[in-house]
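Everything below concerns the one structure shown next.
The values are calculated or read from the model by the stated rules, or taken from the named source; none is laboratory data. Just so we're clear, the structure is a prediction, and the values are computed from it rather than from any experiment. Heads up: the accessible areas ignore ligands, DNA and RNA and are worked out on the full protein's heavy atoms, side chains in. Shrake-Rupley method; radii C 1.70, N 1.55, O 1.52, S 1.80 Å.
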Amino acid sequence: MNQDHLYTSLEPVGNLPNIFLVADGMGGHRAGGYASSCAVETILQEAGICPEEEVEQILTRAIRRANEVIAHRAGEDERFAGMGTTVVAACLKQEELIAANVGDSRLYVVHDDSIEQVTEDHSLVQEMVKYGGINREEARVHPNKNIITRAVGLEEDLQVDCFRRTLRRGDRVLLCSDGLTDMLEDEQIRRIIDKNRDVRSAAQALVKAANDNGGRDNIAVIVIDPFT
């Protein structure tokens, strides 16, 4: 069962100029799939009616609303107890990229010979890396690499991290679940995106490479060329 959900819209959603979403659910097959799909649906609904005008405020409010809805559903039905989901969201506003995340689904900016992970994982191994316990290479193979420390639906007062980057011509943006990043190193991701200039071909090549490397989890990928 696919517990990942994604959504893209090049058209405005409320006061957002566009929106790109990836969510990776947890809590058993049925619960995880419900949590990720509910998060995407609720974010879109809330963003569509949110009176705020700043993108960061809209995304934060929408993700927090999804947190409330998922937690309420989990409290109503024991089959969904403990469910949650990661979320990474992005909007493009002229040459500005605005992103928000909770969990370990990621957003990257790729430009020729460089790749930057813009979002920061909310995970146990990231905390260990941050405070010097292990390095990034050790984190990729750590037995606890999939333990996340923050998730939508599991927090009473959810903190949403927001990021803003100015894009350059030639940049491409990647949103993905950990089904991709657990199977491919950042440099492998960069090379695949650089080789496949068409975004659809790049996304398909990333999924294939992750599956060829073992494909142990659902893989959700969005590749964006902001200047086409």
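Values computed for the structure shown
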{"read-out": "For the chain, convex hull of alpha carbons as volume per residue, Å³", "value": "119 Å³"}
{"read-out": "Per residue accessible area of the range 160-209, 1.4 Å probe, in Å²", "value": "48 Å²"}
{"read-out": "Kirkwood-Stokes translational diffusion coefficient of the range 141-228, alpha-carbon pairs, 10 °C, 1.306 mPa s, µm²/s", "value": "107 µm²/s"}
{"read-out": "Estimated [θ] at 222 nm from DSSP helical runs (n ≥ 4, -39500 (n - 2.57)) normalised by residues in the chain, nearest 500", "value": "-11500 deg cm²/dmol"}
{"read-out": "The chain - percent of accessible surface contributed by carbon and sulfur, probe 1.4 Å", "value": "45 percent"}
{"read-out": "Residues of the range 1-135: accessible area per residue with a 1.4 Å probe, Å²", "value": "44 Å²"}
{"read-out": "Approximate shape of the range 57-102 as ellipsoid semi-axes (Cα gyration tensor, √5λ), whole Å, largest first", "value": "29, 10, 5"}
{"read-out": "Percentage of interatomic Cα-Cα distances in the range 2-111 larger than 16 Å", "value": "55 percent"}
